[in-house]
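Asks: Once you've had a glance at the structure underneath, I'll fire off some questions.
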Amino acid sequence: MELTLLPIGVRPGADEPAGGCGAGCGCGGDGGFDGDFDADHEYDPLECGLDPGLAELIAAGGLDPVQVEDIAHLAIEEDLDNGVDVTTVATIPEDAVATADFTARQAGTVAGLHVVEAVLSVVCTDEFEVERHVADGDRVAAGQVLLTVTARTRDLLTGERSALNLLCRLSGIATATRAWADALAGTPARVRDTRKTTPGLRALEKYAVRCGGGVNHRMSLSDAALVKDNHVIAAGGVAEAFRRVREEFPGVPVEVEVDRLDQLEPVIAEGADLILLDNMTPEETAEAVRIVAGRATLESSGRLTLENARAYAEAGVDYLAVGALTHSSPILDIGLDLRAEGRD
């Protein structure tokens, strides 16, 4: 089976080049990763305890099923803390079965439904049934049922909070991203994320950005180089910092941050692939686009809001980098409701 996966969790051999951003990375570099997990990697992304069909769906979304399963285990183990769900065990008969709906409490864009199924796979002691009403990336209305699950009542209630924590978080990111994507509609510019993610949840949060219509920046420090102000200070200049990265890692895409227009020509002369325009006004951005004249990909960062996003896009940049997508997006309110006829 050919699956397009982001290289999360892959440990390439020492003889492989640095870098490895996947198909969802906005930098356009492949980092030497072609999505083919062959025998040389000795890695099978579907080797996990999840249902094979579910694992394939997760993999098709660009996620590592093994990592998703690990996150699900961690969430449940954290919630149980080596004990049991005392409230549920005390109040629900062991053999009780219920049907429950994951329902949106507010309108938004959903992401993480297969992650919910992974959590249920971890917590459910018996087989469970799932009815999928929407897909990740769909816009949903308040009151809309997203997923229906029939399982042991104890398992449903024990896994409820872990499943909702992830679903609400990822759907909130997708919803916020969709608002930016809508603001840029009709322009060539795309909104993309940063590495300002929750430790341990980066792959899921960047997946949520894709569900919302955005694209991913580098997945890790090894995927691509980003020469920022502190690198410039330490190296003694923008061009010198770029030159050192290019010499050390010739196959890795290099993006250089500039905050003045006079820094553009030197980094272009060195051969920068991407240039990050930091804290420039829309007018300065338009001038930067004129100076670069298509010789490098341009990205705006800083001072960006939904209100001025279109002004930056119409100035001619290729990307708007918005760290708030993953570090500040509010959750999308989603609940789990047991159906009355399913209660015991």
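The values are calculated or read from the model by the stated rules, or taken from the named source; none is laboratory data. Note that this is a predicted model, so its numbers are computed, not measured. Please note: Cβ atoms are built from the backbone with ideal geometry, for glycine as well, and neighbour counts cover all protein chains shown.
Asks: Under 6 Å between Cβ atoms, at least 6 apart or on separate chains: pull out the pairs that start in the stretch 324-340 with a residue that is of a type in the set (V, I, T) and end on any residue that is in a loop (DSSP other than H, G, I, E, B) and crowded, with 19+ Cβ neighbours inside 10 Å.
Replies: T326/D193; T326/T197
Asks: With the structure loaded, tell me whether G271 is among the small types (G, A, S), at pLDDT 95 or above and either out of contact with any strand residue (DSSP E or B) (no Cβ under 7 Å at 6 or more places or on another chain) or surrounded by fewer than 22 Cβ atoms within 10 Å (Cβ to Cβ) (or both) or whether it fails that test.
Replies: For G271, the condition - among the small types (G, A, S), at pLDDT 95 or above and either out of contact with any strand residue (DSSP E or B) (no Cβ under 7 Å at 6 or more places or on another chain) or surrounded by fewer than 22 Cβ atoms within 10 Å (Cβ to Cβ) (or both) - is not met.
Asks: Could you please tell me which pairs satisfy a Cβ distance under 7 Å, a separation of 6+ or placement on different chains, a first residue in the stretch 277-288 that is under 13 Å from Q263 (Cα atoms), and a second residue that is of a type in the set (F, W, Y) and surrounded by fewer than 15 Cβ atoms within 10 Å (Cβ to Cβ)?
Replies: Between residues of the stretch 277-288 that are under 13 Å from Q263 (Cα atoms) and residues that are of a type in the set (F, W, Y) and surrounded by fewer than 15 Cβ atoms within 10 Å (Cβ to Cβ), there is no close pair.
Asks: Filter the stretch 223-270 down to residues that are assigned to a helix (DSSP H, G or I) and of a type in the set (G, A, S) and give me whichever is farthest from the chain's Cα centre (by Cα).
Replies: Top of the filtered list is A269.
Asks: Only one residue in I275, I331, I291 is of a type in the set (V, I, T) and in a strand (DSSP E or B), so which one is that?
Replies: Exactly one residue qualifies, and that residue is I275.
Asks: Of all residues being out of contact with any helix residue (DSSP H, G or I) (no Cβ under 6 Å at 6 or more places or on another chain) and not hydrophobic (A, V, I, L, M, F, W, C) in the stretch 162-179, which is surrounded by the fewest Cβ atoms within 10 Å (Cβ to Cβ)? Just the residue, please.
Replies: N165
Table: residues versus (1) modelled with pLDDT of 95 or more; (2) more than 22 Å from L164 (Cβ to Cβ); (3) touching a Gly at 6+ places or on another chain (Cβ under 9 Å); (4) part of a loop (DSSP other than H, G, I, E, B).
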residue	(1), (2), (3), (4)
L50	no, no, no, yes
G62	yes, yes, yes, yes
V68	yes, no, no, no
I71	yes, no, yes, no
E78	yes, no, no, no
G83	no, no, no, yes
P93	yes, yes, no, yes
